[in-house]
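We did not get these values from a lab; they are worked out from the coordinates using the rules stated. These figures come from a predicted structure and were not determined experimentally. Here Cβ is always computed from backbone atoms with ideal geometry, including for glycine, and neighbour counts include all displayed protein chains.
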Amino acid sequence: MKYVGCFRIHFTILGIAGIWMPRSFENNVRLKFYYSVYRIFFLTLFLVGIVYTQFRFFILVIGDIEKTVDSSVLFFTILPHIIKIYTLISCRERIIRLLDIIERIPDKNNILQMFSKNVALISSAYFCTCIGTAILWCVYPFMKPVLTLPFYYPYISQESFLFPVLYVYQTFGIIISALTIASEDFLAGGLMALAAAQLELLCCDLSTIGENKENINGNIDQYYEKIVTCIKFHAKIISFVKELSTIYGLSVFGQFLFSGILLCESAFIIITSDVFTESVTMFLYLLCLLGQLLLYCFCGNMIKTNSDKVAAAAYSSRWEMTSLPTQKALLFLIMRSQMTLTVTPGGIFDLSLVTFSAVLKSSYSFLAVLNQKHNS
């Protein structure tokens, strides 16, 4: 767990939520069975119930703009969460293989370790925002003239003896959902960041080719062996990124699809709300959405930029001091690295900062239309 230790707390949270079975259970049939039962119980209790009630509320209020927006925020937040749960459960073995690949990489310049620490730092900030939003979402009903549940539930009034039980249930459900969504996002973003770190490590190895002049007339095949190792490493990185894109393609595409709508809706609530607590809650929620999208786009952009650096790093090496076979192998690597590596969810768009700005522009356009319709 040298480099993937930054994911430890996230795997713990996902394990508690019934999404990620601990690796220590793999060789124990009884523990695997118990965990499968626990997974069905937990997800049914805290996911199916929320989805059903919010979908029902959403259908009932269609036609009223403000109520439709209010009801769809939580509903559209949960839908991509379901896709991510399916991805983690169905692709668990493939994700473990990616983690094992990272652990086997020799980190000569502590690049992977540095990226791992930076990823853990970003995780802390993102987590704090998500937890703060979830807590405010649960506290906000106390600021209303009439106390209500954090989200809609049919046939339950404030006088009902089930009201406090449901309030605690919904509070726990919202908090655990916030934590698991943050963990799911961070696992995907962290793997992308570590893929970018591998490209950075490759660039460092390439830049040192031909540096030791004393080896020119000695062991001339030393550089050839090194460039062959770099070519193999580059091929492994390409396979790593392609596998990452295949695993998370559907879930990331779904997240971006709904995030564009949610950015518009949360900004609309902030503009139209007269309750300060609700505005603050939605503002924090808006920050969570922006942080979520930025995490994906920034990490995807790192892969893209570091991929473009590979050819430059190879050409900037002392290739003229090497043998002809080494130069030919280096040329092969330069030609291959001119094909930029990208994470492409659904094969539709690349994860980059350009995509991030495009989502913001689209959300602003939707907000302008929604606000105009509300005012009219």
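Using the Cβ-Cβ distance between Arg8 and Arg318 with R0 set to 45 Å, the FRET efficiency works out to roughly 0.65. Among Val146, Val139, a tally of other beta-carbon atoms within 10 Å of each Cβ gives an order, fewest to most, of Val146, Val139. Listed cross-link partners Lys32/Lys236; Lys84/Lys242; Lys32/Lys242 are compared with a 26 Å cut-off, the Cα-Cα value being larger for Lys32/Lys236; Lys32/Lys242.
Computed from backbone phi, the HN-Hα couplings of region 253-259 come to 4, x, 5, 5, 4, 7, 5 Hz, rounded to whole numbers (Karplus: 6.51 cos²θ - 1.76 cosθ + 1.60, θ = phi - 60°; Gly and Pro given as x). Axis angle, to the nearest 10 degrees, between helix 163-207 and the longest C-alpha principal axis of the chain: 10 degrees. The ranking of Trp20, Trp319 from fewest to most other beta carbons within 10 Å of each one's beta carbon is Trp319, Trp20.
Our note on the geometry: Cα centres of region 325-361 and region 128-181, 44 Å apart. If R0 is 45 Å, the Cβ-Cβ spacing of Asn28 and Gln338 corresponds to a FRET efficiency of close to 0.40. In plain terms, the C-alpha convex hull of region 232-338 casts an average shadow of 9.0 nm² when viewed from every direction.
Taking the C-alpha atoms only, the angle from helix 65-90 to the longest principal axis of the chain is near 40 degrees.
Under the criterion of Cα pairs below 8 Å and six or more residues apart, the relative contact order for the chain equals 21 percent.
Could you give the angle, 0 to 90 degrees to the nearest 10, between helix 111-139's Cα long axis and the longest principal axis of the Cα atoms of the chain? Approximately 0 degrees, to the nearest ten.
The fewest-to-most ranking of Asp274, Asp350 by surrounding Cβ atoms within 10 Å reads Asp274, Asp350.
Taking Cα Rg over 2.2 N^0.38 Å as calculated from this structure, the corresponding entry among (1) 1.18; (2) 2.15; (3) 1.23 is (1).
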